[in-house]
Structure formats: structure tokens, C-alpha cells
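Read-outs throughout are calculated quantities, based only on the coordinates presented, and are distinct from any laboratory measurement. What you see is a predicted model, and the numbers here were worked out from it, not measured in a lab. Neighbour counts run over all protein chains shown; Cβ positions are idealised from the backbone, glycine included.
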Amino acid sequence: MRFTVRHETLYCYSVPVGLAPHRLRLEPRADSGLLVFRELLVEPLPVSRVQETDAAGNAVVRVEFAGQTTVLRVDSQFTVDTWAPPPLPCGTLPPLPWSPWADDALAPCLFEPQPDPAVSAFAADIASQCGGEPLAFLDSLCRAIHQRTDRHIRIDGDAHPPAATLATGRGACRDVTVLFMAACRSQHMPARFVSGYQAFAETGDGQRFLHAWPEVHLPGIGWRGWDPTHGTRVGDDHVALCAAPEQAGTMPVEGGFYANGVTATLDCRVSIQTR
């Protein structure tokens with residue numbers, strides 16, 4: 001599938017501010033597909049701009065600024081051709097729950113800051129119904145969260161705690177992502193948070209937004225994605241920008257400013273075309 005995406009981020013400040021260094025995570029991951037076109041415009045013009053790849057394979061642009069400004073505008077545009085992942089082999093993975101992993105690289109994707117008994121019981125019940133078969137568990141977990149959650153758009157704020165999303169049955173894509181991750185981690189399955197875009201509008205008016213979904217590391221296979229917002233596996237209809245053990249590590253624009261007595265507003269606009 002060919003994605004053409006434009007993602008505009010505009011911060012406006014009530015008084016001139018000095019901008020701290022920023023990290024921009026707005027480029028498709030190399031494993032998302034073939035990048036055909038890319039443009040990233042930043043206003044004011046940075047005095048330093050460095051692109052690097054972090055340990056998780058995310059493209060990160062680091063920018064630094066001089067002087068003062070009343071706006072920060074980041075205009076990201078790209079076209080990428082995505083591909084569907086190969087089929088997952090059945091019956092090749094050990095039954096759940098898995099033994100704790102000894103791989104230090106995956107340890108952050110197994111750590112759950114505040115494990116909740118209700119979330120662990122929810123996951124254990126699904127695993128039991130699936131006979132401990134990992135792929136059946138992941139598919140059933142994805143469908144269960146999709147079916148029992150009233151999903152909605154929430155522009156601002158961090159993801160809600162997984163226990164709260166489970167209890168209320170309400171959440172945005174980042175909330176159900178974190179619930180899915182917590183359920184997987186309770187079965188000792190490494191899981192991480194992914195930010196990006198998906199092909200289909202989630203509102204009747206066709207507005208587009210940054211999307212989120214989880215990925216799980218399967219031994220001998222690698223990272224694979226599920227989308228509990230839609231109740232499906234992730235395929236060529238998703239484009240990943242950034243993956244990290246927690247949501248905080250996937251923020252598309254991360255930075256700050258220096259000033260006193262200032263108010264700031266944020267406006268984001270996303271347009272996506274697919275074919």
C-alpha cells in the first residue's frame with residue numbers, strides 16, 4: 001500500500017520564548033516499507049540538525065535553536081510503500097505463560113511498573129481459553145479489548161493506566177495499546193508501544209490522527225503488531241514511526257522552551273492518502 005502523509009505541528013506562544021533542544025520522531029521506521037519521498041521543515045530554522053538511529057531502530061532528528069520565537073512549526077511529509085508481513089507459523093511457539101526472559105535488550109519491554117491483579121487475571125483467563133497457544137492468545141486478546149472497549153479520540157494526555165481502561169471499558173488507541181501490553185507482559189511476552197498512522201479514518205468526518213498499537217516479540221520471529229483499536233493484526237495498512245517500551249519514548253515532537261508567564265497552544269493536523 002502506498003501512504004502519502006502530511007503531519008503538521010504548530011506551537012504558538014503568548015510571548016517570545018527560547019526553544020530547548022528538540023527530538024523529532026516523524027520518519028517512517030526502516031522496517032515499515034520503502035521510503036519514496038521525504039521532507040521535514042522546521043520553523044524557526046534550527047542552528048543544528050542531526051539525524052540518527054536509536055537502539056530500537058527509530059529515526060530521530062535532533063534540532064537546536066538560537067534566539068527567541070513565538071512559534072514552533074514542524075511540517076513532516078513523506079510517501080512510503082508498505083508491505084504485508086509474512087504469515088505467522090502456527091504451533092512453533094512455546095505455550096503460555098512463558099518463562100521470564102534473560103535477554104537484557106528485551107527487559108524494558110517486559111517490565112510493568114504497577115502490575116494489576118485484574119489485568120493479570122484478564123490475560124490469564126484468555127490464555128486458559130486458548131490452551132496457552134501464543135498466537136491464539138494474541139488474536140483473542142486483540143478481539144476482546146476491541147469488543148469490550150468504547151473507543152474514542154482523545155487528543156491530549158498520556159495513556160490511562162491499563163487497569164482503568166479495563167475497568168471503565170473506555171479508551172483511545174494509546175489506552176488500549178497500554179492495556180494490551182500489560183496483558184502480554186503478565187504472560188512474560190515482551191511488548192512495546194508503537195506510534196504511527198493507519199489507512200482508514202476513525203471518525204465520520206474523515207479527520208486523521210496519529211495512531212498507536214502494540215507489538216509483541218515472538219521468539220525466532222521478531223516483532224509483530226496487533227491493533228486492538230480495530231481488533232486486527234497489523235499489516236500493510238499501518239506505517240510505524242517509532243517503537244519504545246513505553247509511550248513516552250514515542251512522542252513525535254519532544255522538547256521544551258524557556259520563558260516566564262507564558263501560555264502555549266498546540267495545533268496538529270494530519271492528512272493521509274492511500275492507494
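Testing the spin-label approximation: label points 7 Å from Cα along Cα→Cβ at A20 and L266. State their distance in nm.
Simple spin-label model gives 1.4 nm for this pair.
Projected onto the charge dipole of the chain (+1 at Lys/Arg Cβ, -1 at Asp/Glu Cβ, origin at the Cα centre), which of P245, V262, A124 gives the Cα projection farthest towards the positive end?
My answer, from the dipole projection, is V262.
Modelled label-to-label distance, D158 and T4, 7 Å Cα→beta-carbon offset: nm?
That separation, rounded to one decimal, is 3.9 nm.
Stretch R38-A124 to full length: gain in nm at 0.36 nm per residue minus the Cα-Cα span?
Roughly 26.6 nm would be gained on extension.
Within region 221-245, which residues have the backbone N less than 14 Å from the label spot 7 Å out from A30 along Cα→beta-carbon, could you tell me?
Correct set: none at all.
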